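Student: Below is the structure I would like to discuss, written out as C-alpha coordinates.
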(Lines give C-alpha, C1' and ligand atoms only; values in the text may rest on other atoms or scores of the structure.)
Protein backbone atom coordinates (compact mmCIF):
# COMPACT_ATOMS: atom_id res chain seq x y z
CA UNK A 1 0.00 0.00 0.00
CA UNK A 2 2.78 2.43 0.93
CA UNK A 3 4.59 1.64 -2.34
CA UNK A 4 1.46 2.41 -4.36
CA UNK A 5 0.99 5.74 -2.61
CA UNK A 6 4.66 6.64 -3.24
CA UNK A 7 4.42 5.75 -6.94
CA UNK A 8 1.15 7.68 -7.33
CA UNK A 9 2.64 10.76 -5.64
CA UNK A 10 5.68 10.62 -7.92
CA UNK A 11 3.52 10.38 -11.05
CA UNK A 12 1.38 13.33 -9.95
CA UNK A 13 4.45 15.46 -9.21
CA UNK A 14 5.88 14.72 -12.66
CA UNK A 15 2.53 15.53 -14.30
CA UNK A 16 2.13 18.91 -12.61
CA UNK A 17 5.80 19.71 -13.20
CA UNK A 18 5.34 19.04 -16.90
CA UNK A 19 2.39 21.42 -17.00
CA UNK A 20 4.28 24.11 -15.11
CA UNK A 21 7.36 23.60 -17.29
CA UNK A 22 5.28 24.58 -20.33
CA UNK A 23 4.09 27.76 -18.62
CA UNK A 24 7.46 28.60 -17.09
CA UNK A 25 9.95 27.72 -19.79
CA UNK A 26 13.16 28.47 -17.81
CA UNK A 27 12.34 25.63 -15.41
CA UNK A 28 12.40 23.12 -18.23
CA UNK A 29 15.82 24.18 -19.47
CA UNK A 30 17.77 24.27 -16.21
CA UNK A 31 20.95 22.17 -15.85
CA UNK A 32 23.55 22.28 -13.09
CA UNK A 33 26.85 20.58 -12.40
CA UNK A 34 28.69 20.60 -9.09
CA UNK A 35 30.82 18.92 -6.48
CA UNK A 36 30.50 18.23 -2.74
CA UNK A 37 32.75 17.36 0.21
CA UNK A 38 31.92 16.21 3.73
CA UNK A 39 32.11 13.59 6.48
CA UNK A 40 30.65 10.10 6.89
CA UNK A 41 29.25 8.38 9.98
CA UNK A 42 28.69 4.61 10.03
CA UNK A 43 25.66 2.81 11.45
CA UNK A 44 25.72 -0.97 11.90
CA UNK A 45 27.22 -3.68 14.10
CA UNK A 46 30.52 -1.96 14.89
CA UNK A 47 29.08 1.35 16.02
CA UNK A 48 30.27 2.92 19.27
CA UNK A 49 26.90 2.96 21.02
CA UNK A 50 23.33 2.06 20.16
CA UNK A 51 20.90 4.78 19.18
CA UNK A 52 20.39 6.73 15.97
CA UNK A 53 21.54 10.08 17.39
CA UNK A 54 25.07 8.70 17.82
CA UNK A 55 25.45 8.72 14.02
CA UNK A 56 24.72 12.46 13.77
CA UNK A 57 26.88 15.57 14.42
CA UNK A 58 25.08 16.00 17.78
CA UNK A 59 27.04 13.09 19.30
CA UNK A 60 30.73 12.83 20.24
CA UNK A 61 30.87 9.38 18.65
CA UNK A 62 30.25 10.95 15.26
CA UNK A 63 33.59 12.78 15.35
CA UNK A 64 35.39 9.75 16.76
CA UNK A 65 34.84 7.70 13.59
CA UNK A 66 34.19 10.45 11.04
CA UNK A 67 35.86 9.96 7.66
CA UNK A 68 36.03 12.07 4.50
CA UNK A 69 34.00 11.64 1.32
CA UNK A 70 33.47 13.71 -1.81
CA UNK A 71 31.89 13.54 -5.22
CA UNK A 72 30.40 15.22 -8.28
CA UNK A 73 26.83 15.53 -9.53
CA UNK A 74 24.74 16.51 -12.54
CA UNK A 75 21.25 17.91 -12.03
CA UNK A 76 18.32 18.53 -14.36
CA UNK A 77 15.02 20.21 -13.36
CA UNK A 78 11.87 19.46 -15.37
CA UNK A 79 9.64 21.95 -13.62
CA UNK A 80 9.30 24.02 -10.45
CA UNK A 81 8.74 20.92 -8.33
CA UNK A 82 10.70 17.89 -9.59
CA UNK A 83 14.14 17.17 -11.03
CA UNK A 84 16.65 14.37 -11.52
CA UNK A 85 20.08 14.21 -9.89
CA UNK A 86 22.90 11.88 -10.89
CA UNK A 87 25.65 11.52 -8.31
CA UNK A 88 29.07 9.83 -8.06
CA UNK A 89 30.98 9.80 -4.76
CA UNK A 90 33.98 8.13 -3.17
CA UNK A 91 35.28 8.06 0.38
CA UNK A 92 36.06 6.19 3.57
CA UNK A 93 33.91 4.78 6.39
CA UNK A 94 34.99 3.78 9.89
CA UNK A 95 33.33 2.26 12.95
CA UNK A 96 34.45 1.20 16.43
CA UNK A 97 32.82 -0.84 19.18
CA UNK A 98 34.78 -1.16 22.41
CA UNK A 99 32.54 -3.91 23.82
CA UNK A 100 33.41 -6.09 20.82
CA UNK A 101 37.11 -5.10 20.95
CA UNK A 102 37.03 -4.38 17.22
CA UNK A 103 37.04 -1.58 14.71
CA UNK A 104 36.93 -1.45 10.91
CA UNK A 105 37.69 0.83 8.03
CA UNK A 106 36.38 0.65 4.48
CA UNK A 107 36.53 2.50 1.21
CA UNK A 108 33.33 2.87 -0.77
CA UNK A 109 32.54 4.01 -4.31
CA UNK A 110 28.89 4.86 -5.02
CA UNK A 111 26.87 6.04 -7.99
CA UNK A 112 23.14 6.76 -7.76
CA UNK A 113 20.16 8.40 -9.48
CA UNK A 114 17.74 10.52 -7.43
CA UNK A 115 14.34 12.17 -7.79
CA UNK A 116 14.64 15.66 -6.29
CA UNK A 117 11.73 17.76 -5.02
CA UNK A 118 11.71 21.51 -4.37
CA UNK A 119 9.97 21.67 -0.98
CA UNK A 120 9.96 25.47 -0.95
CA UNK A 121 7.93 25.74 -4.15
CA UNK A 122 5.59 22.95 -3.05
CA UNK A 123 4.84 24.49 0.34
CA UNK A 124 5.23 28.25 -0.19
CA UNK A 125 4.40 28.53 -3.88
CA UNK A 126 6.47 29.34 -6.95
CA UNK A 127 8.63 32.44 -6.80
CA UNK A 128 11.63 32.80 -9.09
CA UNK A 129 12.93 35.76 -7.14
CA UNK A 130 13.51 33.54 -4.10
CA UNK A 131 17.26 33.17 -3.53
CA UNK A 132 17.09 29.94 -1.53
CA UNK A 133 15.32 26.62 -1.55
CA UNK A 134 14.77 23.59 0.71
CA UNK A 135 14.76 20.25 -1.05
CA UNK A 136 14.64 16.52 -0.56
CA UNK A 137 15.77 13.63 -2.74
CA UNK A 138 15.14 9.90 -2.90
CA UNK A 139 17.35 7.60 -4.93
CA UNK A 140 18.84 4.21 -5.62
CA UNK A 141 22.22 3.13 -6.94
CA UNK A 142 25.13 0.73 -6.71
CA UNK A 143 28.13 0.61 -4.41
CA UNK A 144 31.54 -1.05 -4.46
CA UNK A 145 33.30 -1.45 -1.13
CA UNK A 146 36.19 -3.20 0.58
CA UNK A 147 36.55 -3.51 4.37
CA UNK A 148 39.29 -4.33 6.90
CA UNK A 149 38.46 -5.33 10.49
CA UNK A 150 41.04 -4.99 13.31
CA UNK A 151 41.30 -5.87 16.99
CA UNK A 152 41.39 -2.86 19.34
CA UNK A 153 43.61 -4.77 21.80
CA UNK A 154 46.24 -6.28 19.50
CA UNK A 155 45.86 -4.12 16.41
CA UNK A 156 45.94 -7.23 14.20
CA UNK A 157 43.75 -7.79 11.16
CA UNK A 158 40.96 -10.19 12.15
CA UNK A 159 38.55 -9.97 9.22
CA UNK A 160 37.95 -8.63 5.72
CA UNK A 161 35.09 -8.23 3.28
CA UNK A 162 34.88 -7.40 -0.39
CA UNK A 163 37.88 -9.51 -1.37
CA UNK A 164 36.14 -11.82 -3.82
CA UNK A 165 37.71 -14.21 -6.27
CA UNK A 166 39.47 -12.42 -9.17
CA UNK A 167 37.76 -12.69 -12.55
CA UNK A 168 41.03 -13.86 -14.08
CA UNK A 169 43.98 -15.67 -12.55
CA UNK A 170 46.39 -13.17 -11.03
CA UNK A 171 43.87 -10.33 -11.46
CA UNK A 172 42.70 -7.87 -8.79
CA UNK A 173 40.27 -8.98 -6.11
CA UNK A 174 36.62 -8.12 -6.75
CA UNK A 175 35.11 -5.65 -4.22
CA UNK A 176 31.68 -6.19 -2.70
CA UNK A 177 29.04 -4.84 -5.09
CA UNK A 178 25.58 -4.16 -3.68
CA UNK A 179 22.53 -2.00 -4.31
CA UNK A 180 22.19 1.05 -2.08
CA UNK A 181 19.29 3.38 -1.34
CA UNK A 182 19.53 6.92 -0.07
CA UNK A 183 17.38 9.78 1.15
CA UNK A 184 18.58 13.36 1.60
CA UNK A 185 17.41 16.72 2.92
CA UNK A 186 19.17 19.99 2.22
CA UNK A 187 19.07 23.74 1.63
CA UNK A 188 20.47 25.63 -1.33
CA UNK A 189 21.51 29.30 -1.37
CA UNK A 190 22.17 31.27 -4.57
CA UNK A 191 25.21 33.52 -4.41
CA UNK A 192 25.12 34.85 -7.97
CA UNK A 193 23.52 34.51 -11.34
CA UNK A 194 24.91 31.02 -11.90
CA UNK A 195 26.36 29.76 -8.59
CA UNK A 196 24.75 28.17 -5.55
CA UNK A 197 25.96 26.64 -2.27
CA UNK A 198 24.10 23.77 -0.65
CA UNK A 199 24.17 22.17 2.81
CA UNK A 200 22.93 18.58 2.88
CA UNK A 201 22.53 15.54 5.10
CA UNK A 202 21.79 12.11 3.66
CA UNK A 203 21.35 8.52 4.82
CA UNK A 204 22.65 5.65 2.65
CA UNK A 205 21.40 2.11 3.39
CA UNK A 206 23.40 -0.69 1.79
CA UNK A 207 21.86 -4.03 0.89
CA UNK A 208 24.36 -6.04 2.93
CA UNK A 209 25.19 -6.87 6.54
CA UNK A 210 28.90 -7.22 5.82
CA UNK A 211 30.06 -3.66 5.25
CA UNK A 212 31.85 -3.78 8.64
CA UNK A 213 33.03 -7.39 8.00
CA UNK A 214 30.82 -8.46 10.94
CA UNK A 215 27.66 -10.40 10.02
CA UNK A 216 24.80 -10.02 12.50
CA UNK A 217 23.45 -13.23 14.01
CA UNK A 218 20.10 -11.62 14.77
CA UNK A 219 17.36 -12.86 12.46
CA UNK A 220 15.62 -9.47 12.50
CA UNK A 221 15.85 -7.59 9.22
CA UNK A 222 16.27 -4.19 10.87
CA UNK A 223 19.08 -5.47 13.10
CA UNK A 224 21.11 -6.25 10.00
CA UNK A 225 20.70 -2.85 8.30
CA UNK A 226 24.03 -1.13 7.68
CA UNK A 227 25.13 2.00 5.93
CA UNK A 228 26.34 5.50 6.60
CA UNK A 229 25.21 9.09 7.00
CA UNK A 230 26.86 11.74 4.86
CA UNK A 231 26.91 15.43 5.82
CA UNK A 232 28.38 17.72 3.18
CA UNK A 233 28.68 21.16 1.64
CA UNK A 234 28.55 21.59 -2.11
CA UNK A 235 28.90 24.10 -4.92
CA UNK A 236 26.90 24.07 -8.17
CA UNK A 237 27.13 25.95 -11.45
CA UNK A 238 23.82 26.54 -13.26
CA UNK A 239 23.83 26.77 -17.04
CA UNK A 240 21.81 29.44 -18.81
CA UNK A 241 18.85 31.17 -17.20
CA UNK A 242 18.45 30.05 -13.61
CA UNK A 243 15.14 28.27 -13.20
CA UNK A 244 14.77 28.72 -9.46
CA UNK A 245 14.87 32.46 -9.18
CA UNK A 246 15.48 35.52 -11.29
CA UNK A 247 19.20 36.23 -11.41
CA UNK A 248 20.87 39.57 -10.79
CA UNK A 249 20.46 40.51 -14.45
CA UNK A 250 16.69 40.15 -14.13
CA UNK A 251 16.14 41.23 -10.54
CA UNK A 252 14.39 44.42 -11.69
CA UNK A 253 11.75 42.37 -13.50
CA UNK A 254 8.61 40.91 -12.02
CA UNK A 255 7.50 37.34 -12.47
CA UNK A 256 6.31 36.07 -15.81
CA UNK A 257 2.53 35.90 -16.02
CA UNK A 258 1.21 33.31 -18.46
CA UNK A 259 -2.41 33.13 -19.49
CA UNK A 260 -4.34 30.22 -20.94
CA UNK A 261 -3.63 31.44 -24.43
CA UNK A 262 0.12 31.26 -23.80
CA UNK A 263 0.51 35.05 -23.81
CA UNK A 264 3.39 36.14 -21.57
CA UNK A 265 3.67 39.57 -20.02
CA UNK A 266 6.84 40.87 -18.37
CA UNK A 267 7.17 43.60 -15.74
CA UNK A 268 3.50 43.56 -14.78
CA UNK A 269 4.22 45.33 -11.50
CA UNK A 270 6.29 48.01 -13.18
CA UNK A 271 3.58 48.52 -15.82
CA UNK A 272 0.92 48.74 -13.09
CA UNK A 273 2.81 51.47 -11.25
CA UNK A 274 3.10 53.52 -14.44
CA UNK A 275 -0.61 53.19 -15.16
CA UNK A 276 -1.53 54.29 -11.66
CA UNK A 277 0.62 57.41 -12.05
CA UNK A 278 -0.87 58.19 -15.46
CA UNK A 279 -4.50 57.88 -14.41
CA UNK A 280 -4.12 59.16 -10.86
CA UNK A 281 -7.02 61.41 -9.79
CA UNK A 282 -8.70 60.96 -13.15
CA UNK A 283 -6.14 63.01 -15.07
CA UNK A 284 -4.70 61.48 -18.23
CA UNK A 285 -1.25 62.19 -19.60
CA UNK A 286 -2.16 61.69 -23.26
CA UNK A 287 -4.67 63.80 -25.16
CA UNK A 288 -6.27 62.71 -28.42
CA UNK A 289 -7.29 65.25 -31.06
CA UNK A 290 -9.31 64.81 -34.20
CA UNK A 291 -7.63 65.27 -37.50
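Student: Among (1) surrounded by fewer than 14 Cβ atoms within 10 Å (Cβ to Cβ); (2) modelled with pLDDT of 50 or more; (3) closer than 23 Å to residue 186 by Cα, which single condition is residue 77 missing?
Tutor: (1)
Student: Condition first: at pLDDT below 75, part of a helix (DSSP H, G or I) and in contact with a strand residue (DSSP E or B) (Cβ under 6 Å, 6 or more places away or on another chain). Can you find one or more residues in the stretch 39-52 that meet it? I'd like the intermediate steps shown before the answer.
Tutor: Pass one, the stretch 39-52, residues at pLDDT below 75: 48-52.
In the following step, the residues that additionally are part of a helix (DSSP H, G or I) were identified as 52.
Next, from what is left, pick out any that are in contact with a strand residue (DSSP E or B) (Cβ under 6 Å, 6 or more places away or on another chain): none.
The answer is no; no qualifying residue exists.
Student: Just give me the residues in the stretch 87-105 being modelled with pLDDT of 95 or more and either assigned to a loop (DSSP other than H, G, I, E, B) or within 15 Å of residue 30 (Cβ to Cβ) (or both), in sequence order.
Tutor: Once the filter is applied, which keeps residues that are modelled with pLDDT of 95 or more and either assigned to a loop (DSSP other than H, G, I, E, B) or within 15 Å of residue 30 (Cβ to Cβ) (or both), the stretch 87-105 yields nothing.
Student: So, in the stretch 159-177, of the ones that are surrounded by 16 or more Cβ atoms within 10 Å (Cβ to Cβ) and part of a strand (DSSP E or B), which residue ends up nearest to the chain's Cα centre (by Cα)? Write out each step before concluding.
Tutor: Looking only at the stretch 159-177, we keep the residues that are surrounded by 16 or more Cβ atoms within 10 Å (Cβ to Cβ), and these are 159, 161-162, 175-176.
From the residues that got through so far, the ones that are part of a strand (DSSP E or B) too are 159, 161, 176.
On the way: 159: 34, 161: 29, 176: 25 Å.
Restricting to residues being surrounded by 16 or more Cβ atoms within 10 Å (Cβ to Cβ) and part of a strand (DSSP E or B), the top hit is 176.
Student: Which numbered condition trips up residue 79, out of (1) assigned to a strand (DSSP E or B); (2) touching a helix residue (DSSP H, G or I) at 6+ places or on another chain (Cβ under 8 Å); (3) closer than 27 Å to residue 192 by Cβ?
Tutor: That leaves (1) as the condition not met.
Student: Would you be able to say whether some residue in the stretch 189-207 is farther than 26 Å from residue 34 by Cβ and in contact (Cβ under 8 Å) with a residue 12 or more places away in the chain? Walk me through how you get there before you give the answer.
Tutor: Quick first cut of the stretch 189-207, residues farther than 26 Å from residue 34 by Cβ only: 207.
From what is left, the residues that are in contact (Cβ under 8 Å) with a residue 12 or more places away in the chain are 207.
Checked against the condition, which is being farther than 26 Å from residue 34 by Cβ and in contact (Cβ under 8 Å) with a residue 12 or more places away in the chain, the stretch 189-207 yields at least one hit.
Student: For the stretch 208-225: of the residues being surrounded by 15 or more Cβ atoms within 10 Å (Cβ to Cβ) and over 20 Å from residue 151 (Cα atoms), which is modelled with the lowest pLDDT?
Tutor: Pass one, the stretch 208-225, residues surrounded by 15 or more Cβ atoms within 10 Å (Cβ to Cβ): 208-214, 216, 224-225.
Filter once more, so that each one left must be over 20 Å from residue 151 (Cα atoms): 208, 224-225.
On the way: 208: 89, 224: 72, 225: 84.
Checking each candidate, the answer is 224.
Student: Filter the stretch 126-156 down to residues that are in contact with a strand residue (DSSP E or B) (Cβ under 7 Å, 6 or more places away or on another chain) and without any contact (Cβ under 8 Å) to a residue 40 or more places away in the chain and give me whichever is surrounded by the fewest Cβ atoms within 10 Å (Cβ to Cβ). Before the answer, list the steps.
Tutor: Our first condition is that a residue be in contact with a strand residue (DSSP E or B) (Cβ under 7 Å, 6 or more places away or on another chain); within the stretch 126-156, this holds for 131-152, 156.
Next, from what is left, pick out any that are without any contact (Cβ under 8 Å) to a residue 40 or more places away in the chain: 142, 144, 156.
Numbers: 142: 13, 144: 16, 156: 7.
My answer is 156.
The values are calculated or read from the model by the stated rules, or taken from the named source; none is laboratory data. All of these numbers come straight from a predicted model, not from anything done at the bench. Note: ideal-geometry Cβ built from the backbone for every residue, glycine included; neighbour counts use all protein chains shown.
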